[in-house]
Amino acid sequence: MSTALVILAAGKGTRMNSELPKVLHPIAQVPMLVHAMRAGAVLEPERTVIVAGHGAEAVRAAALDEDEGATVVLQEEQLGTAHAVDQARAALEGFAGDVVVLYGDTPFLQPDTLERMLAARKTHDLVILGFEAADPARYGRLVMQGDSLERIVEFKDATETERAIRFCNSGLLACNAETLFGLIAAVGNDNASGEYYLTDVVEIARKQGLAVTAVACDEAQTLGVNSRADLAAADAIFQERARAELLDLGVTLMAPDTVYLAADTVIGRDTVIEPNVVFGPGVTVESGATIRAFSHLEGCHVSQGAVVGPYARLRPGAELAENARIGNFVEIKNAEIGEGAKVNHLTYIGDASIGANSNIGAGTITCNYDGVMKHRTTIGANVFIGSNTMLVAPVTLGDGAMTATGTVVTRDVEPDALAVARTKQENKPDRARKLFDMLRAKKARKQKDT
Ligand code: UD1
Ligand code: MG
């Protein structure tokens, strides 16, 4: 059976108190909407329709960035969840399979839950995802009769007895496309909120004699994010899960609670992560590497046996070959660091490549930006860069070359050559003592005057 996803993402999220549309707030550095899209992607949907409203342009950009085949439709006025799904009608024209409705602000949905919903579809026309709520609060209540879901009653419209029900509506559903849009067409807005409730399709379906049921999942999966506090709590849950997965995979986290991961962080077995390390998006660390304390990595690749930090920063495009070493207060951006090469202290390497076993001295800077354009620095293998060398790009240093400490390199250096560019040292006998005497006398005069 082919499926299509409809992801509701038009709501304002007033309680986020934000310029950013709610569904674009990130969890583990990935927008909530993208988490929802990835959860739905396991169904290999034939079509994906995102219903956007508030901040639609930004939502569109984020959705297409994740899946260029997605369709983003606009719900100009938020008249309710049934009205929202109805906006996908045209985009699903000619689609004959099942529609699965997801929310853009529930990022914890697990793939097997969706599969269970589709399995239940084999015996039921309409399947709702429910959960036993610890605190049912304002959720819609599922009114069951045995295995059959009779209707969903919104909190605002519920009687005292109905409010006592703890089996709640997650908002997710699965239904044949034609059936669903037929049911939605019959939904009215005569209720406490004056909204077109998607939940009303249940009662309408039952009146038509259709089979409706609810599949249950644990509450954690349906957790919605409505405030910054929810967002922080959701991120914490995500982090805890991701850390546990890494530990299971054989990664050592010396202080797991202090390691911050992105949703797509990949770390190999026997890698050691010291305390207080932050992973931004797009990081892969191979097995047997060491990421030392207080390092910050994003968009980079660290090969086997490499050591990073403490206090190192790897920015997008940093590519470390096996056994490379990046030390304290070193920043690497868009640069390949060759096998066994060392960049150990206080250095900026940007838009560069460094050959195998080269050694970059403390305080080296690749001067990659002239104020208008970026330029590359190419350093061969077995090069020794003296401390405090400025490499004014574009510049190339051949294999086995060397720079003297404090050199400003503005021209290419041939292989095996030594580049020296600094004034010659001169020592002036006794001059230091005379200077000190003069300065101390001056200070004494000043103190007398006051
Ligand atoms: C909804 C359900 C409720 C369920 C709860 C679970 C209805 C009528 N109620 O209530 O039974 O327990 O979710 O969290 O469906 N949205 C749009 N356009 C709209 C309205 C909503 O895109 O016009 C989107 C929102 O951005 C959100 C989702 O749909 O992602 C749910 O809307 P929300 O207003 O949060 O519904 P609830 O009142 O929480
Ligand atoms: Mg809600």
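The values are calculated or read from the model by the stated rules, or taken from the named source; none is laboratory data. These figures come from a predicted structure and were not determined experimentally. As a convention, Cβ positions derive from the backbone with ideal geometry for all residues, glycine included, and neighbour counts pool all protein chains shown. With ligands, DNA and RNA removed, areas are computed over all heavy atoms of the protein, side chains included. Shrake-Rupley method; radii C 1.70, N 1.55, O 1.52, S 1.80 Å.
How about segment 119-168: which of its residues are among the basic types (Lys, Arg) and open to solvent by 30 Å² or more (accessible area, probe 1.4 Å)? Passing the criteria: 121, 122, 138, 151, 156, 163, 166.
For every residue, the table says whether it meets (1) open to solvent by less than 50 Å² (accessible area, probe 1.4 Å); (2) touching a Ser or Thr at 6+ places or on another chain (Cβ under 6 Å).
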| position | (1), (2) |
| --- | --- |
| 268 | yes, yes |
| 277 | yes, yes |
| 281 | no, no |
| 296 | no, no |
| 303 | yes, no |
| 315 | no, no |
| 320 | yes, yes |
| 326 | yes, no |
| 333 | yes, no |
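Within segment 82-94, the set of residues being within 15 Å of ligand 2 (Cβ to nearest atom) and open to solvent by 50 Å² or more (accessible area, probe 1.4 Å) is empty.
If the condition is being farther than 19 Å from residue 73 by Cβ, outside any helix (DSSP H, G or I) and more than 15 Å from ligand 2 (Cβ to nearest atom), then segment 22-49 contributes 26, 27, 28, 29, 30, 42, 43, 44.
Screening residue 373 with (1) surrounded by fewer than 16 Cβ atoms within 10 Å (Cβ to Cβ); (2) touching a Lys or Arg at 6+ places or on another chain (Cβ under 9 Å) gives one miss only, at (2). Inside segment 1-21, residues that are part of a helix (DSSP H, G or I) and open to solvent by 20 Å² or more (accessible area, probe 1.4 Å) make up a count of 2. The strands (runs of 3 or more DSSP E) falling completely within segment 345-447 include none with 3 or more residues that are closer than 26 Å to residue 306 by Cα and not assigned by TED's automatic domain parsing to the domain that holds residue 319.
Kindly indicate the residue of segment 40-52 that is farther than 20 Å from residue 21 by Cα and open to solvent by less than 40 Å² (accessible area, probe 1.4 Å) and also nearest to the chain's Cα centre (by Cα) among those meeting that condition. Steps first, please.
Of all residues in segment 40-52, those farther than 20 Å from residue 21 by Cα come to 40-47.
Narrowing the set further to residues that are open to solvent by less than 40 Å² (accessible area, probe 1.4 Å) leaves 40, 43, 45.
Values: 40: 17, 43: 22, 45: 23 Å.
It comes out as 40.
Of the residues making up segment 63-73, one or more are without any contact (Cβ under 8 Å) to a residue 12 or more places away in the chain, of a type in the set (A, V, I, L, M, F, W, C) and farther than 27 Å from residue 179 by Cα.
Of the strands (runs of 3 or more DSSP E) lying entirely inside segment 93-176, those containing at least 1 residues that are closer than 22 Å to residue 46 by Cα and within 16 Å of ligand 1 (Cβ to nearest atom) are 98-103, 126-132, 167-176.
Filtering 230, 235 for residues that are crowded, with 16+ Cβ neighbours inside 10 Å, part of a helix (DSSP H, G or I) and at pLDDT below 95 leaves a single hit, 230.
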